[in-house]
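Have a look at the structure below, then the notes.
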Amino acid sequence: MQTKRKIAAEITVSIAFIILVIYIADVGVSRLNNGDGFLPLSLMERGMFLGGGAIILFLLSFGLGYNIKSKILTTLLIVGGALMAIVVIISTFIIPDTSNMIADSSSPSGDTMQQVLSPQTLGIIIIGFIIMGLGGLRALRKK
C-alpha cells in the first residue's frame, strides 16, 4: 500500500512542478509580448487553472506522501514552493508589470508599492513558502 501511495505522491508532485514551470514560462512570454502568452488563456484562466492547479496538486501530493519516505517528493515540494514564492517576489518587486498599475500623477511614488502588492500576490507568496515549509518539514522528520 505504501509503495502505491509513494508512486502516486511522486507523480502528483511531478505534475504540479511541471504545471508550475509551464505557468511561469507562459507568464514570462506574456510579459514580453504585452499580454499574449504561448497558451490561449486569459490572465484569470491562467491563474485559476495553472497556478491554482499547481497549488492544489502540491498540497495533495504532501497528503498522499504523508509518513512515506521519498526524496523526490521532499525535494520537489521545497523547490516548487520556493520557485513559486521567489518568482512572484521577483516579478512584483524587481520587474513590476507596469501595465496593471493605475497611472495617477497626483499620487506620490510611494503608492506604487501598494498598487503592486495586492492581497492575491501576498497570498501566493505565503502559499509558496507554506509549500516549501511542508517540504522542509518532510526533510526534518527523517522517517
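Here are the numbers for this structure:
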| item | result |
| --- | --- |
| Shape of the stretch 15-70, Cα gyration tensor, a/c cut at 1.5 | prolate |
| Among Gly37, Ala25, Met1 the positive-end extreme of the charge dipole of the stretch 1-77 (Cβ point charges) | Met1 |
| Spacing of the two label points (7 Å from each Cα toward its C-beta) at Leu137 and Leu39, in nm | 2.7 nm |
| Where labels lie 7 Å past Cα in the beta-carbon direction, separation of Thr3 and Ile89 in nm | 4.1 nm |
| Distance (nanometres) between label positions extended 7 Å along Cα→Cβ at Phe49 and Tyr66 | 3.1 nm |
| Order of Glu45, Glu10 - criterion: other Cβ atoms within 10 Å of each residue's Cβ, fewest first | Glu45, Glu10 |
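Bear in mind that the values in this text are calculations on the coordinates, not laboratory data. Remember, predicted model here, so these are calculated numbers, not experimental data. Here Cβ is always computed from backbone atoms with ideal geometry, including for glycine, and neighbour counts include all displayed protein chains.
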